[in-house]
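Have a look at the structure below, then the notes.
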Amino acid sequence: MTQPRAEVIVALDLPTGAEALRLLDRLPRARWVKVGSIVMTREGPALVRELVDRGLRVFLDLKWHDIPNTVAGAVESARGMGVAMATVHCLGGAAMLEAAARAAGAELGLVGVTVLTSHDAAGYAAALGRDGVDLEVEVERHARTALASGLRGIVCSPHETARVRAALGSAAWLVVPGIRRADDSTGDQVRTAGPAAAVRDGATHLVVGRPILEAADPARAFDEIVGEAG
Ligand code: C5P
């Protein structure tokens, strides 16, 4: 089966909205951007609206985890702003995921965060009050619940992409951070993959921050990553 080309999402992990917009002025071919908690808390919806007005697809990564009614309300607000993709935390459970999926409708692609990559098996088991867990089994379990609850897909590391793709079938969105070209520094990422390998394993969206943000020529880095993902 030929895997379709993945979208490259530029993670706007910059301290201010002004810096994010200046970066985007240098990335005329970017189609997708990720807005996370830090810049969203600082700048609020005005930044999202500006990005949408510029014709960009906005991935709002706030990892909602609350009672179903509250998460559904947040999803509706995001949808009203024209957000194209957003995250909810799978640990919120099936009732929360189902309420979120209903609120998202067809135009907002909701994806589930499975196990945060900052967890190791012992820390995750302790947080759940269990004796021991296999993180890959946990990722797959959450991924199946997310899809059964009506979500469009999940976020996973390159390490789990092939397994999750096999478990979920071909339609799910797999949003994959930790993308590095051969010469990129890994930074604090442990489980990385090149764009081509991630796409081969089943990624539909690649989230890329520092390899673009810290490049001397961000447009060139972006184009190279898109080329490798194609
Ligand atoms: O700079 P870098 O390419 O490592 O950025 C990756 C982006 O993806 C960051 O915004 C980071 O917070 C996010 N992310 C991640 N690992 C996850 C989930 C999200 O790196 N498991």
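The values are calculated or read from the model by the stated rules, or taken from the named source; none is laboratory data. Here the structure is a predicted model, which means the values were calculated and not measured. As a convention, Cβ positions derive from the backbone with ideal geometry for all residues, glycine included, and neighbour counts pool all protein chains shown. Accessible surface is based on the protein model in full, side chains and every heavy atom, while ligands, DNA and RNA are left aside. Shrake-Rupley method; radii C 1.70, N 1.55, O 1.52, S 1.80 Å.
If I compute solvent accessible area with a 1.4 Å probe over the protein chains, what percent of it on the stretch 65-178 is carbon and sulfur?
The C+S portion of the solvent-accessible surface of the stretch 65-178 is 52 percent.
Show me 78-87, 124-133, 216-225 ranked by packing, highest mean number of other Cβ atoms within 10 Å first.
78-87, 216-225, 124-133
Based on the Cα coordinates of the stretch 185-226, what is the per residue volume of their convex hull in Å³?
Considering the Cα atoms of the stretch 185-226, their hull volume per residue is 72 Å³.
For Lys34, which sequence-distant residues (separation of 5 or more, or a different chain) have an amide H within less than 5 Å of its own amide H, given hydrogens modelled in the peptide plane?
Amide H to amide H, under 5 Å and 5 or more residues apart or across chains, Lys34 pairs with Val10, Ala11, Leu12, Phe59.
Please compute the contact order of the chain in relative form: average sequence separation of alpha-carbon pairs under 8 Å and at least six residues apart, divided by the residue count, as a percent.
Relative contact order of the chain: 20 percent.
Counting only heavy atoms of protein chains, what accessible area per residue, in Å², does the stretch 75-135 have with a probe of 1.4 Å?
Spelled out: the 1.4 Å probe surface of the stretch 75-135, per residue, equals 42 Å².
Where does each of Glu98, Glu76, Glu138 land when they are ordered by accessible area, with a 1.4 Å probe and the largest first?
Glu76, Glu98, Glu138
Hey, can you grab everything whose amide H is under 5 Å from the amide H of Trp64? Only 5+ residues off in sequence or another chain; H modelled, so Pro and N-termini drop out.
Those qualifying (amide H under 5 Å, at least 5 residues apart or on another chain) are Thr87, Val88, His89.
How are the C-alpha pair distances of the chain spread across 5 Å bins, as whole percents from the shortest bin up?
1, 7, 15, 18, 20, 18, 13, 6, 2, 0, 0
For the stretch 1-46, what is one quarter of the convex hull surface built on the Cα atoms, given in nm²?
Averaged projected hull area, Cα only: 4.1 nm².
Explain nothing, just compute: Karplus ³J(HN,Hα) = 6.51 cos²θ - 1.76 cosθ + 1.60, θ = phi - 60°, for every residue of the stretch 190-197 in order, whole Hz, x for Gly and Pro.
Calculated HN-Hα couplings, in order: 9, 9, 10, 8, x, x, 5, 5 Hz.
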